[in-house]
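Report on the structure given below.
The values are calculated or read from the model by the stated rules, or taken from the named source; none is laboratory data. Because the structure is a prediction, the values reported are computed rather than measured. All Cβ positions, glycine included, derive from the backbone under ideal geometry; neighbour counts span all protein chains shown.
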């Protein structure tokens, strides 16, 4: 019995010693983990890691903070405490607990170089991306790219900052396959590597398109300035002001407009070439075909423009000559004297209106020729038909004016004579001449020829019948005496 109690006391004494040893290890390990974690937290706070991570992922302008140092210090604390727990379990001879924990710790420390390599890669990516962003943004700001593109408008964010941010994240994208490979994330690495290969395979085409577009834009801008300055120095703007081609708002000169046309003519083929280098054939093939058609039509368009411009010059010249001649002969006063205009009429003079009509007629001829040259047969035919109709209308109006003049002249001559009832005869002559001239004028205009012929014939017939009836009724007694004389003469014979 005594031996049994001795064995119990020995076992209790050994277990108590192990428990005390485990508690000591736990206390000392906890203190060490706490001190180390706080030291790591203080060191990371001095490096301002939180602000750097915020600037990395949220932008430099973001004011919110992230407790990255706290997360890292807690991670260090829990790793050290895991080691302490393993030591405590070994002191207590709890092999069933220590074996899986030791295996976990071994795997964790085996993977630690990968984590460190990933952190180094992230640091290098951040460093290179930051330097590249500052270089690109500073260069674009020195080139005043924002002012050239935005003009007077305010952009937020600016184009330089946007391009810098794109370069910044593109550098991180370049490091992404290496980071995923270091972390041994094969399931994510394969699609990312495939995407990266496609991007790198397409990158030379993108760079070539960008260079083509940049060089073309630069050349187009230089040629635009040269053309604008040469035309301005040649006096095109002054000539446009003289002939009335200047802009109403005076915001763009003729030389500036022609320079813009040259700029577009150069830039459009450059853009098509840039898209063609990107192998965007769905866009470039119809655009190229359209460009060929446009360039084939350029000589015809230039010839048509020259025709219209010369016609405008000639038309303005003839318009001014016509207006000056009519004003020299006092044409408006002549129309007042024959009764076509009222005395004291205000507004544009008839001479000015006829001068404008001359300009319109010359421009109509030019439009017909320009439309034929451009192959617009329908427009040419419509303009020609309208011109024929306008000439018929003008001839009819001239006939009516001459008829009105002759009618007024005849009426005034009858009124000045000593015939009986001059007013009635003058009004009758005026109406008769006006009816005749109206019929001739409307027929010359081509307005319902059959109806006009019928109406005029019926009117003449009615006048003839009315005259016959009037003479018949008024001359019954004279006709009766003449018939009676004829009968008496035949009886005597």
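With (1) modelled with pLDDT under 80; (2) within 25 Å of residue 364 (Cα to Cα); (3) assigned by the TED database to the domain that holds residue 366 as the list, and residue 316 as the residue in question, which single condition is left unmet?
With respect to (1) modelled with pLDDT under 80; (2) within 25 Å of residue 364 (Cα to Cα); (3) assigned by the TED database to the domain that holds residue 366, residue 316 is out only on (1).
Table: residues versus (1) exposed (fewer than 13 other Cβ atoms within 10 Å of the Cβ); (2) under 30 Å from residue 17 (Cα atoms); (3) at pLDDT 75 or above; (4) touching a helix residue (DSSP H, G or I) at 6+ places or on another chain (Cβ under 7 Å).
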{"position": "94", "(1), (2), (3), (4)": "no, yes, no, no"}
{"position": "99", "(1), (2), (3), (4)": "yes, yes, no, no"}
{"position": "110", "(1), (2), (3), (4)": "yes, no, no, no"}
{"position": "118", "(1), (2), (3), (4)": "no, no, yes, yes"}
{"position": "127", "(1), (2), (3), (4)": "yes, no, yes, no"}
{"position": "133", "(1), (2), (3), (4)": "no, no, yes, yes"}
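Criterion first (closer than 30 Å to residue 133 by Cα, in a helix (DSSP H, G or I) and at pLDDT below 70) does residue 52 satisfy it?
yes
Working carefully through the options 326, 340, find the one that is modelled with pLDDT under 85, surrounded by 15 or more Cβ atoms within 10 Å (Cβ to Cβ) and not in a helix (DSSP H, G or I).
So the residue among 326, 340 that is modelled with pLDDT under 85, surrounded by 15 or more Cβ atoms within 10 Å (Cβ to Cβ) and not in a helix (DSSP H, G or I) is 340.
Write out, first by first residue and then by second, each pair whose Cβ atoms fall under 8 Å of each other, whose residues are 6+ apart or on separate chains, and whose first residue, in segment 219-241, is within 27 Å of residue 310 (Cβ to Cβ) while the second is in a helix (DSSP H, G or I) and modelled with pLDDT under 75.
Note: pairs meeting the criteria are 231/237.
Scan 275, 354 and give me the residue that is closer than 30 Å to residue 201 by Cα, at pLDDT 75 or above and surrounded by 13 or more Cβ atoms within 10 Å (Cβ to Cβ).
Checking each option against the conditions leaves just 275.
Which of the residues that make up segment 270-282 are free of Cβ contacts under 8 Å to residues at least 24 places away in the same chain and under 18 Å from the mean Cα position of the chain (by Cα)? Spell out how you get there, then give the answer.
Restricting attention to segment 270-282, the residues satisfying the condition of being free of Cβ contacts under 8 Å to residues at least 24 places away in the same chain are 272, 276, 280-282.
The answer is 272, and nothing else.
How many residues are in a loop (DSSP other than H, G, I, E, B) and either touching a helix residue (DSSP H, G or I) at 6+ places or on another chain (Cβ under 6 Å) or under 27 Å from residue 141 (Cβ atoms) (or both) if we restrict to segment 160-201?
1
Which one of these is modelled with pLDDT under 75 and assigned to a helix (DSSP H, G or I): 154, 149?
None of the others qualify; the one that does is 149.
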